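Peer 1: Attaching a single structure in structure tokens format; questions to follow.
The values are calculated or read from the model by the stated rules, or taken from the named source; none is laboratory data. If you're wondering where the values come from, they're calculated on a predicted model, not measured in any experiment. All accessible areas refer to the heavy atoms of the entire protein, side chains included, with ligands and DNA or RNA removed. Shrake-Rupley method; radii C 1.70, N 1.55, O 1.52, S 1.80 Å.
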Amino acid sequence: MKIFGNIIWLIFGGIITAIEYAVSSILLMVTIIGIPFGLQSLKLARLALWPFGSNVADSVKSGGCLNVIMNVLWIVCGGFCICLTHLFFGLLLCVTIIGIPFGVQHFKMAGLALTPFGKTIS
């Protein structure tokens, strides 16, 4: 069932979302300062490709206060807008019973989009 959900997800916008995150990741990695943010965009692209069956969890290795600082910079520089976009689409999809599983995936992506540093996808 997860494979079927992921295929439908890809057909109806998942592939486009993943490409957008990958392109933004490449653009961010052009500068040395943007590399950590580009890596987080790649993490979002990976989740956008295959969200059903993927889990977002806190990282086992501690980043300490560096993760907090980087998450604050991420939120200020656009992470909040990305999170709001995923929340909007999650709410929109949860209006119908058929869209609820897809809305839940957007909520999962919203959580990662708000604070990606210190999180892993399994």
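Peer 1: By how many nm would the segment from D58 to F88 grow when fully extended, if each residue of separation counts as 0.36 nm and the alpha-carbon distance is taken off? Please list the in-between numbers first.
Peer 2: On the way: separation 30, 0.36 × 30 = 10.80 nm, distance 2.41 nm.
Full extension from D58 to F88 adds 8.4 nm.
Peer 1: A further question on this structure: Excluding residues fewer than 8 places away in the same chain, name every one of the lysines whose C-alpha is closer than 19 Å to that of K43.
Peer 2: Leaving aside lysines fewer than 8 places away in the same chain, those within reach of K43 are K61, K108, K119.
Peer 1: Taking a ≥ b ≥ c as the square roots of the eigenvalues of the Cα gyration tensor of the stretch 37-93, is the shape rounded (a/c under 1.5), prolate (a/b larger than b/c) or oblate?
Peer 2: On the way: a/c = 2.07, a/b = 1.31, b/c = 1.59.
Oblate is the answer for the stretch 37-93, as a/c is 1.5 or above yet b/c matches or exceeds a/b.
Peer 1: Specify the residue with the greatest mean-square fluctuation among G13, G90, G111, computed from a Gaussian network of the chain linking alpha-carbon atoms under 10 Å apart.
Peer 2: Among G13, G90, G111, the largest mean-square fluctuation in the Gaussian network model of the chain belongs to G13.
Peer 1: To the nearest 500 deg cm²/dmol, what mean residue ellipticity at 222 nm is calculated for the chain from DSSP H runs of n ≥ 4 alone, each contributing -39,500 (n - 2.57), summed and divided by the residues? Write out the running numbers ahead of the final one.
Peer 2: Numbers: 6 runs with 76 residues, N = 122.
For the chain, the value works out to -19500 deg cm²/dmol.
Peer 1: Treating the stretch 1-98 as a set of equal point scatterers at the Cα positions, no solvent, please give the Debye-formula log₁₀ I(q)/I(0) at q = 0.10, 0.17, 0.25 Å⁻¹.
Peer 2: Those come out to -0.33, -0.91, -1.45, one per q.
Peer 1: In addition: Using a 1.4 Å probe on the protein heavy atoms, what percent of the accessible area of the chain belongs to carbon and sulfur?
Peer 2: Values: 5910 of 7380 Å².
Roughly 80 percent of what the probe reaches on the chain is carbon or sulfur.
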